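Accompanying notes for the structure given below.
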Amino acid sequence: MIKRIITIFISVILLFNLVACGGQEKKRYEGEFLRLFDTVTRIIGYAYSKEEFSEYVQLIHDELEIYHQLYDIYNDYEGINNIKTINDNAGVQPVKVDQRIIDLLLFARDAYEMSEGRMNVALGAVLRIWHDYREEGTEDPERAQVPPMELLKAAAEHVDINDMVIDEKEGTVYLADPEMSLDVGGIAKGYAVEQVQVYYGAGIYRRAHKRRRKCAKLRTQRKWRTMEYRSQKSGSGGRRSLHRSDHRPVTGYQR
């Protein structure tokens with residue numbers, strides 16, 4: 001299967017904001033993982049050490065893995081109701097799901113309206129046929145073929161997005177058509193990356209802001225210590241002695 005590359009450019013912006021004390025220069029690092037969303041995910045950013053950068057890469061990976069499992073249409077995960085669970089219960093019963101699935105499907109509904117139906121997550125019945133024929137053709141290229149038009153037209157009778165019933169209050173999703181299925185592959189990766197950068201972008205900013213305040217405090221303390229040393233060295237020559245416990249600003253000489 002051909003791997004597609006998705007680069008998280010936002011990480012570059014976020015890691016530019018990391019702050020270190022003492023004028024240490026940032027270095028460029030790259031991180032990459034392969035399994036999530038059947039896609040190569042590459043993260044590029046600047047940090048003061050490989051360890052610091054790796055910490056953020058791991059945070060991003062772990063959060064993306066949650067979205068990967070929630071939006072998966074092929075695999076089951078213990079204790080998780082995902083998109084596959086919704087498809088398995090089409091025409092049977094509503095499925096209680098994580099809010100992140102609700103949010104994605106509400107976004108997908110908006111995308112359907114904005115694209116005038118061109119972006120339709122309810123096309124799962126049709127896309128599954130193409131998927132199966134593609135996999136068969138990959139395994140046996142000599143017998144590769146496109147799906148029959150009659151088969152595709154029959155599946156196209158079960159792609160009405162209005163049959164995707166979302167109950168926001170109960171947190172459930174129900175597919176009213178038993179032959180219907182969802183396929184969120186067209187929007188899930190981009191949506192997940194956006195949500196992760198919003199979540200961790202705020203966290204990284206808060207951490208960087210906290211570090212900047214700490215550095216500013218250390219610089220001020222160093223300045224006070226330097227001024228105290230100079231004052232004590234000058235004796236009683238007119239400068240007032242500044243102690244570390246005295247946080248008032250120095251205004252000049254005392255006469």
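Points to keep in mind about this one:
- Sites listed here are GluC sites (Glu not before Pro) in the range 78-135 whose DSSP assignment is loop and whose Cβ has at most 14 other Cβ atoms within 10 Å: Glu78, Glu116.
- Added length on full extension, which subtracts the Cα-Cα distance from 0.36 nm per residue, Gln145 to Glu30: 37.4 nm
- Volume in Å³ per residue [convex hull over Cα atoms, computed for the range 158-203]: 91
- Subtracting the Cα-Cα distance of Glu78 and Asn162 from 0.36 nm times their residue separation leaves 27.3 nm of extension gain.
- Fewest neighbouring Cβ atoms within 10 Å first, the residues Phe107, Phe37, Phe53 line up as Phe107, Phe37, Phe53.
- Size of the range 89-180: Rg and Dmax of its alpha carbons, in Å, are 15.5, 51.
- Here the range 65-96 and the range 143-188 have alpha carbon centers that stand 14 Å from each other.
Every number in this text was worked out from the coordinates using simple rules, so none of it is lab data. Quick caveat: nothing in here was measured; it's all calculated off a predicted structure. Ideal geometry is used to build each Cβ from the backbone, glycine not excepted, and the neighbour counts take in all protein chains shown.
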